[in-house]
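The values are calculated or read from the model by the stated rules, or taken from the named source; none is laboratory data. Everything numeric in this text was worked out from a predicted model, so none of it was measured. When we count neighbours, we look across all protein chains shown, and the Cβ atoms used for this are built from the backbone with ideal geometry, even at glycine. Heavy atoms of the whole protein, side chains included, go into the accessibility calculation; ligands, DNA and RNA do not. Shrake-Rupley method; radii C 1.70, N 1.55, O 1.52, S 1.80 Å.
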Amino acid sequence: MATAQVQKPVRDLAWVREQSRPLSLAALALGSLGLILATVGVAVVILMHGLTPVVNIERGLKSAEMTGVTVWAIALGVAAIALGWGTFKKMPNKVSREEAVAGAVLGVQAAVLGGLVLWFSEGDVNIFAINFLNFEGPNQQMEAFLYGAKNTVILALSGEFFGIVLGLLLAIFAISKRAVVRAPARVYINFFRGTPLLWQISFIGIGLPLALGLDISTYTAAIIALGLNMGAYSAEVFRAGIQSIERGQLEAARGLGMSYGQAMRYSIVPQAIRRVIPPLMNEFVILVKDTSLVLFLGLAAGERDLLSVASQGFGNTFNGTFFIYAALGYLAICLPAIRLVNAVERRMRSGLVGIGA
Amino acid sequence: MSTSAERMASDGHLVQLQGIHKWFGDLHVLKGIDVDIQASQVVVVIGPSGSGKSTLLRIVNLLEEPTEGRVVFDGRDITDVRTNVNEVRTHIGIVFQGYNLFPHKSAQGNITVALEKVLKIPSDEARERAADQLTRVGLAHKMDAYPGQLSGGQQQRVAIARALAMRPKMMLFDEVTSALDPELVKEVLDTMKELAEEGMTMLVVTHEMGFAREVGTRLLFMDDGRILEDGEPKQIFSNPSDQRCRDFLAHVL
C-alpha cells in the first residue's frame, strides 16, 4: 500500500524567526539587554575602576557610570515587562508567546538586580568593603583555611561512616516484629532526632568527658557526636529503604529456607542499599555543613574546621572577609557532592544502574 | 529427586492439613480445611478470587501461619513451635505469581544463593546444580542474565529452576501464570507439566482450567474459605456436584 511519507517537521532557526513577531522580539531584546547591563555592565564598571580593595571597589560602585548602568537596566527591564506582559496573550503562536513571556521575566530580573545594585551603591559601601571585601587578611591565612577544609571533610566523612554503620544496625532493630527489639532503637532514634545537634555536640564534647573523666580529645568527641547523630538519621533512611523492597522478596528468600537474618543479608539489604545511596549522599551534604557546629567546642589550632578557622581570623582582626572565605570553602566541598548526588539519581532513574525491579 | 522410599513416609501422605482456620484481623479466610496430599499427586486448586486458595497454599510452607489447626509435612507436625521451619521449607519449593527473583543477582546467582547459604553446598557444585536446572527449564543460555533482562515467562522459569535446585519433595505454585502475557503462559505451563510427569508432588493454585483438567490428578474447588469439591478433575469439570462450583465453571469455561 502506498502511503505518503510524512517528513518530521524541521524546527531550525529560520523556522523560529518566521514564527517570531516584532513585538515579541522587542520584549525579548529589551529584557535581555537590561539583564546584561545589570550583570555584565555592573561587573565592567567595577573592573574599570580596578579590583584592588577597598578604595577602588568603592570608587567603582559610587561612580556616575554605575548609576547610569543600573538606571538603564531598570528602565529597560520595566519596558520589557510592559511590552511582554501586554502582548503575550495576543501572540499568534507558541514561539512568539514564549518570547514575549521570556522578555517580561528577564525584565523583572533586570529591574530587581539593577535596583539592588543601585540601592547598595547608594549606601555606605566603604564599611561593607572594609568588612567583607578585605582580602588581605584571609589571604595570609590560606594555609589555615586549607587544613580547615581538610578537617571539615574528615569530620564529615568519619561522621558519615560511623553513622551509616550504626544506622543500618538501628534500622534492622527498628523493623523487628518484636516490640522489645524495636523499642530501644526507636528511643535512640527519636532522642537524636529530637534534640539539637549543637546540644549533642556540647554534651558529648564537654559534658560527658568531664562527668565521666574520659580522656578523649575534643576532635574525637566531635566525630563521635556527629556519628551518633548521623546514625539516627541514616537509620530512618535505611528503614525506609528496607521497607520499600517488595514483600515478595522476603517471602521468596524465606520460601527457599533462609532464616530472617539470611533473607535480610542476601536479599533485602543489598537491594535496599542501592536505593538509599542518593538520600545517604544528601545526608552527607547536610553533615558537611553541620560539622561547623564543632566551633562551640573550641578546637585546638590544628583541629579547627573551616568555620573555626574563619571565626579565629575574625576574632583576631575583626575582618568579616574570613567568613566569605569559609562560605566559599563549604561551597567548594558541597557543590561537587551535590552534582554527584544528582548524577547518581539521574542514572538510577534512567535504569543504567540496577536498583531492583 | 527424592527416592520413592522417602515418599512413602506417613502412609503416602506427604502433607496433612488438619482443621485449618485462618483469620486476617476479623476476616475469616479459611474456615476449617482438612486435606491430605499424597506423594506424586498433582492437586489443582480452583475457585473465585478471595476464596482462600492462595492462603491455603501458603499455609503448607507456613508463609502464613494458621490461626488454628495443624500442618503435618512428611510425618512431622510443622506447626509445632519447636520445628525448624527453615529446614522444612528447604523440602517445599514455592513459585509466586510475581516471580520474586532477586533483581540484584543473575539467573544462576538466584539459584546458587540458597544452595550455598542454606544447604551449605560448595559453590562449584551449587553452580553446577544451577546450570542443570536452568538447562532443564530451557534457559541454559540465560545463566548470566539478570531478571530485568528476561521476559516474564523466562523469569518465571528461572523461579521454578530456583525452587527445583533445592531438590524439594513438593512444589507449590501460586497463580504462577496470572502475571504473564498470554503468549508466555504456555512455556511456563509446559515446564510444570513435565515436572508433573516426572512424579513431583504439586499443589497448584491456578486459573488455567486447561491445565487443571489435563495435568491435575486431583481438583479442589474452594469458595468462601471452604473446600466444596474434591475429586477427579475430569469428573468435576464434566459433572460438578456443588451448585457454586457449577456456577463458577459456567463462568470461566
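If you go through segment A:86-102 one residue at a time, do you hit one that is of a type in the set (D, E, K, R) and open to solvent by less than 70 Å² (accessible area, probe 1.4 Å)?
Taking every residue of segment A:86-102 in turn, at least one turns out to be of a type in the set (D, E, K, R) and open to solvent by less than 70 Å² (accessible area, probe 1.4 Å).
Just one of A:Leu170, A:Leu133 is open to solvent by less than 90 Å² (accessible area, probe 1.4 Å) and farther than 23 Å from A:Phe238 by Cα; which is it?
A:Leu133
Residues being more than 11 Å from chain A (Cβ to nearest Cβ), under 22 Å from A:Ile268 (Cα atoms) and more than 20 Å from the chain's Cα centre (by Cα): count how many of those fall in segment B:144-158.
2
Which condition from (1) surrounded by fewer than 22 Cβ atoms within 10 Å (Cβ to Cβ); (2) at negative phi; (3) more than 14 Å from chain B (Cβ to nearest Cβ) is the one that A:Gly213 breaks?
Going through (1) surrounded by fewer than 22 Cβ atoms within 10 Å (Cβ to Cβ); (2) at negative phi; (3) more than 14 Å from chain B (Cβ to nearest Cβ) one by one, A:Gly213 breaks only (2).
Name every residue in segment A:136-152 that is in a helix (DSSP H, G or I) and either hydroxyl-bearing (Ser, Thr, Tyr) or open to solvent by 50 Å² or more (accessible area, probe 1.4 Å) (or both), in order of residue number.
A:Glu136, A:Asn139, A:Gln140, A:Met142, A:Glu143, A:Leu146, A:Tyr147, A:Lys150, A:Thr152
The conditions are (1) open to solvent by less than 50 Å² (accessible area, probe 1.4 Å); (2) without any contact (Cβ under 8 Å) to a residue 24 or more places away in the chain, and A:Met281 fails exactly one of them. Which is it?
If we test A:Met281 against (1) open to solvent by less than 50 Å² (accessible area, probe 1.4 Å); (2) without any contact (Cβ under 8 Å) to a residue 24 or more places away in the chain, just (2) comes out false.
Which residue out of A:Leu47, A:Leu37, A:Leu30, A:Leu51 is out of contact with any strand residue (DSSP E or B) (no Cβ under 7 Å at 6 or more places or on another chain) and in a loop (DSSP other than H, G, I, E, B)?
On inspection, the qualifying residue turns out to be A:Leu51.
Taking only pairs six or more apart or across chains, which ones have beta-carbon atoms under 6 Å, a first residue in segment A:130-151 that is in contact (Cβ under 8 Å) with a residue 40 or more places away in the chain, and a second residue that is open to solvent by 30 Å² or more (accessible area, probe 1.4 Å)?
From segment A:130-151, the pairs are A:Phe132/A:Ile324; A:Leu133/A:Pro53; A:Asn134/A:Pro53; A:Phe135/A:Pro53; A:Gly137/A:Thr317; A:Pro138/A:Tyr325; A:Phe145/A:Tyr325; A:Gly148/A:Arg304.
Select, from B:Leu57, B:Leu62, the only residue that is under 17 Å from the mean Cα position of the chain (by Cα), in a loop (DSSP other than H, G, I, E, B) and within 13 Å of another protein chain (Cβ to nearest Cβ).
Result: B:Leu62 is the single residue among B:Leu57, B:Leu62 that is under 17 Å from the mean Cα position of the chain (by Cα), in a loop (DSSP other than H, G, I, E, B) and within 13 Å of another protein chain (Cβ to nearest Cβ).
Residue check: is A:Gly302 within 13 Å of chain B (Cβ to nearest Cβ), at negative phi, more than 21 Å from the chain's Cα centre (by Cα) and surrounded by fewer than 18 Cβ atoms within 10 Å (Cβ to Cβ)?
So A:Gly302 fails the test.
Can you name the number of the only condition in (1) among the hydroxyl-bearing types (Ser, Thr, Tyr); (2) in contact with a Ser or Thr (Cβ under 8 Å, 6 or more places away or on another chain); (3) crowded, with 20+ Cβ neighbours inside 10 Å that B:Tyr99 fails?
All conditions are met except number (2).
Out of B:Ala130, B:Ala114, B:Ala126, report the one residue that is within 12 Å of chain A (Cβ to nearest Cβ), of a type outside the set (Ser, Thr, Tyr) and crowded, with 18+ Cβ neighbours inside 10 Å.
From the options B:Ala130, B:Ala114, B:Ala126, the qualifying one is B:Ala114.
Looking only at residues that are surrounded by fewer than 16 Cβ atoms within 10 Å (Cβ to Cβ) and more than 10 Å from chain B (Cβ to nearest Cβ) in segment A:236-274, which one is nearest to the chain's Cα centre (by Cα)?
The qualifying residue nearest to the chain's Cα centre (by Cα) is A:Ala240.
Residue check: is B:Phe96 of a type outside the set (Gly, Ala, Ser) and either away from chain A (no Cβ under 14 Å) or over 20 Å from the mean Cα position of the chain (by Cα) (or both)?
No: the conditions fail for B:Phe96.
Being in contact (Cβ under 8 Å) with a residue 60 or more places away in the chain and of a type in the set (Val, Ile, Thr) is true for just one of B:Val95, B:Val81, B:Val88. Which residue is that?
Residue meeting the stated conditions: B:Val95.
How do the helices (runs of 4 or more DSSP H) wholly within segment B:147-253 filter down when requiring 1 or more residues that are open to solvent by less than 50 Å² (accessible area, probe 1.4 Å) and of a type in the set (S, T, N, Q): which remain?
B:152-164, B:182-197
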